[in-house]
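The values are calculated or read from the model by the stated rules, or taken from the named source; none is laboratory data. Because the structure is a prediction, the values reported are computed rather than measured. When we count neighbours, we look across all protein chains shown, and the Cβ atoms used for this are built from the backbone with ideal geometry, even at glycine. Please note that ligands, DNA and RNA were not included when accessible areas were found on the heavy atoms of the full protein model with its side chains. Shrake-Rupley method; radii C 1.70, N 1.55, O 1.52, S 1.80 Å.
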Amino acid sequence: MASTSFWSSLKEEARRNYIAVFEQEWPTWLAGIFLAIVALLIFLWQGPWGVAAGYRNLGDWIVYGAGGGGDRPFSPWLHPIALTNTGLVVGALVSAMLSRQFKIHRAPPLEYAKSLIGGVFMGAGAVLAAGCNVGGFYTAAAMFDMGGLAMMAGLIAGAWIGLRYLLWEMEHLQQKGVEQRPSNDAWVKIQPYLGGTVLILVIAAFYGYSLLDKTDLGGLLFFGLLIGLIMHRSRFCFVRAFRCPFMTGDAEMVKVVAMSLMIYGMGTAVIKWAWIQEPSMGVTHNFWIGSLFGGVIFGIGMLLAGGCASSTLWRIGEGQTKMVLTLLAFALTNSALASFLKNHDLYDKMGQGLFIPDTLTWYVTVPSFLLFFVFWAFVAIWNEKSEKFVVF
Amino acid sequence: MDLQSIEPYSILDARGLTCPMPLLKTKKTLKDVPIGEILEIWGTDPGSKNDIPHFGAKKGNAFLGFVDDDEGYTRYFIRKG
C-alpha cells in the first residue's frame with residue numbers, strides 16, 4: 001500500500017508541476033531573470049550571446065548554394081551562434097508542443113509583405129550596428145560597450161517611426177482577418193509526446209557533440225534550447241520594451257528588460273573585473289554611427305515584422321509561418337550588405353567598440369550603469385501614468 | 001456573465017494578425033464604441049490572451065472575459081467605460 005501511495009503522490013505532484021510549467025504562462029519578470037542567467041552562462045561557457053551572426057551564416061549559405069560564389073561558409077553545425085539559434089527555434093518548438101500550443105498560423109497577405117520588408121530592415125540594421133536587438137543591444141550593453149546604448153537610442157527612435165507607419169496603415173489599408181484551421185483533437189493530444197521526443201533528441205545531440213570532442217558546441221545548442229523555452233513560455237519580446245511606451249503606455253517590458261540587463265551587466269562586471277574572461281570581450285560594436293543608425297533601421301524593421309531577431313526564431317518554433325519570411329529576408333540582407341560594405345571598405349567607417357570602464361573606470365561605470373537602467377524604467381513608469389509619449 | 005449570449009456593439013476581426021496589430025486595432029476600434037457598449041474581438045495570436053485582457057481592464061474599461069471558439073479562434077469582450 002505504501003508503494004502505491006508513494007507513486008500516486010509522485011504522479012499527482014508531477015502532473016501539477018507539468019501544468020505549472022507547461023500550461024500556465026510564465027511571468028515575464030521571471031523570464032527576464034532566467035534570460036540574464038543563461039546569457040551569463042553562455043558568456044562563461046564560450047563568449048557573449050548573439051543572434052544576428054547565425055542569420056548571416058544562413059544567408060551566406062543561401063547565396064553560396066545559389067552559385068553566388070565566394071568562399072564556402074562556415075558549417076552551421078560548427079558555427080556557435082547558428083547552433084544557439086537552432087537551439088532557440090527547437091526550444092520554442094518543444095515548449096509549444098509540451099504545452100499543446102503548436103499550430104500553423106496563417107496571416108493576411110499584407111502581413112506576409114510586412115514580415116519580408118521588416119526582415120530586410122532588420123538584416124540591414126544588424127550589419128550597421130554589428131548586432132541585432134540581442135548582440136547589438138542587450139549583450140553589447142551588458143558587456144559595457146557604448147555601442148549597446150547607442151543602439152538602444154536608435155531602437156527607441158525606430159520603434160516610434162515604425163509605430164507611426166502602423167497607425168498610418170490602419171487608417172489607409174484595409175485587411176480582413178484570415179480564418180484558421182481548428183486544431184485536430186488527436187494532433188493536440190500527441191503534441192506532448194512529440195515535444196518530449198524532440199527534447200530527448202537535443203539532449204542526445206549534446207552527448208553526440210561531446211563524443212566528437214566538441215562539448216562547447218553541444219552546450220551552446222542546449223543553452224539555445226533553454227532560451228527558446230524561456231522565451232516561448234513567457235512570450236518574451238524585446239520589441240514590447242521599445243513599442244509599448246508609445247503604443248499603450250505599458251511599462252511592464254521596459255521594467256523587465258531593465259532588470260534583466262542590470263543582472264546581466266552586474267554578472268558581466270564580476271566576470272570581467274575579475275579577469276575570468278578578457279575585459280574587452282564583446283566590445284566590437286560600431287559606436288556610434290553604425291550602432292545608432294543601425295538601431296533606427298532595425299527598430300523600424302521589428303515593428304513591421306512584429307518580431308525582433310530572437311522573437312522571430314521562437315515564433316517560428318510555435319508555427320508562425322510569416323516569420324519564416326522574416327528569417328530569410330533578414331539572413332539574405334545581412335549577408336549581402338555585410339559583403340558589400342566589407343568589399344568597399346565601408347564597414348570600418350561605421351565606428352568601433354568603446355569599452356566604458358576604459359573611460360570612466362569600473363568604480364564609476366558600475367553605479368552609472370545601474371542608475372541608467374533604473375532611470376529608463378522610471379521614465380517608462382511615469383509615462384504609463386502620464387501617457388506623455390503615447391502617440392495615439 | 002454568459003459570454004456566449006453577449007450582443008456586442010461591434011466586432012473586430014483580427015484573425016491571422018499577430019502582435020502588435022490585434023492590440024493596436026482594439027485600441028483604435030474601442031475609441032468609436034459608445035460608453036457602456038461592448039466590443040468583441042476575434043483573434044488567433046496566442047499573445048493576445050495576455051495583451052487584450054491586460055489592456056481591456058485599463059482606463060475605466062472592463063474586460064469581461066474570452067472564450068475559445070470551435071472554429072479555432074478566440075473571442076474577447078471589452079465593455080467601454
Study note, to complete from the structure: Placing each pseudo-label 7 Å from Cα in the direction of the beta carbon, A:I190 and A:S5 end up separated by a distance in nanometres of 4.1 nm
Check your understanding: Could you name the lysines in cross-link range of A:K342, using Cα to Cα under 25 Å and dropping any fewer than eight places away on the same chain?
Key -> none
Check your understanding: What residues qualify as long-range amide H neighbours of A:H105, i.e. H under 5 Å apart, gap of 5 or more or another chain, H built at 1.01 Å from N?
Key -> A:Q320, A:T321
Check your understanding: How would you classify the stretch A:25-151 from its alpha-carbon gyration tensor, with a ≥ b ≥ c the square roots of the eigenvalues: rounded for a/c under 1.5, else prolate if a/b is greater than b/c, otherwise oblate?
Key -> rounded
Check your understanding: Which helices count as membrane-span-like in chain A under these terms: full DSSP H, at least 30 Å along the axis by C-alpha, Kyte-Doolittle mean of -0.5 or more?
Key -> A:146-172, A:185-211, A:252-273, A:322-343, A:356-386
Point to revise | Stretch gain in nm, segment A:K342-A:L212, where the contour uses 0.36 nm per residue and the Cα spacing is subtracted | key: 43.4 nm
Study note, to complete from the structure: When the charge dipole of the protein assembly as shown is computed with +1 at the Cβ of Lys and Arg and -1 at the Cβ of Asp and Glu, the Cα pointing farthest to the positive end, of A:L220, A:V391, A:G91, is that of A:V391
Review point. Farthest toward the dipole's positive end in the protein assembly as shown, which of B:I78, A:M152, A:I263, given Cβ charges of +1 (Lys, Arg) and -1 (Asp, Glu) about the Cα centre?
Key: B:I78
Revision key, fill the gap. Residues meeting the amide H criterion for B:A57 (H placed from the backbone, H to H distance under 5 Å, 5 or more places apart or on another chain) are B:F63
Exercise for review: For an R0 of 41 angstrom, estimate the FRET efficiency from the Cβ-Cβ distance between B:E7 and A:T321 and round to the nearest 0.05.
Suggested key: 0.75
Review point. How much length is gained on full extension from A:I104 to A:M266, taking 0.36 nm per residue of separation minus their Cα-Cα distance?
Key: 54.3 nm
Practice item. Report relative contact order for the stretch A:228-340 in percent, whole number only (criteria: Cα-Cα under 8 Å, sequence separation at least 6). Key: 30 percent
Exercise for review: Calculate one ³J(HN,Hα) per residue across the stretch B:43-57 by plugging θ = phi - 60° into the Karplus curve 6.51 cos²θ - 1.76 cosθ + 1.60, and present them in order as whole Hz with x for glycine and proline.
Suggested key: x, 10, 6, x, x, 5, 5, 9, 5, 5, x, 5, 6, x, 9
Practice item. Calculate how many DSSP beta bridges within the protein assembly as shown are antiparallel, expressed in % of all such bridges and rounded to the nearest 5. Key: 70 percent
Exercise for review: Taking H placed 1.01 Å from N in the peptide plane, check which residues at least 5 places from A:L354 or on another chain put their amide H under 5 Å from its amide H.
Suggested key: A:M146, A:G147, A:H285, A:F287
Point to revise | GNM flexibility winner over chain B from B:I41, B:I52, B:I11 (Cα, springs under 10 Å) | key: B:I11
Point to revise | Peptides A:277-287, B:28-38 ordered by average Cβ neighbours within 10 Å, highest first | key: A:277-287, B:28-38
**Study point:** chain B: relative contact order as a whole-number percent, Cα under 8 Å and 6+ apart
**Key:** 34 percent
Practice item. For chain A, calculate the relative contact order in percent as a whole number, restricting contacts to Cα pairs under 8 Å that are 6 or more residues apart. Key: 33 percent
**Study point:** Charge dipole (debye, nearest 20) of chain B; +1 at Cβ of Lys and Arg, -1 at Cβ of Asp and Glu
**Key:** 580 debye
Review point. Got a number for carbon plus sulfur as a percent of the protein assembly as shown's accessible area, 1.4 Å probe?
Key: 65 percent
Exercise for review: Please give the solvent-accessible surface of A:D358 in Å², to the nearest 10, using a probe radius of 1.4 Å with every protein chain present.
Suggested key: 120 Å²
**Study point:** Rounded to the nearest 20 debye, dipole of the protein assembly as shown from Cβ charges on Lys, Arg, Asp, Glu
**Key:** 280 debye
Exercise for review: Please report, to two decimal places, log10 I(q)/I(0) for the stretch A:239-392 at q = 0.12, 0.13, 0.18 Å⁻¹ as given by the Debye formula with identical point scatterers on the Cα atoms and no solvent.
Suggested key: -0.73, -0.85, -1.31
Point to revise | Stretchable slack from A:I289 to A:A274, in nm (0.36 nm times residue separation minus alpha-carbon distance) | key: 2.3 nm
Point to revise | Shape call, the stretch A:102-247: gyration tensor on alpha carbons, a/c limit 1.5 | key: oblate
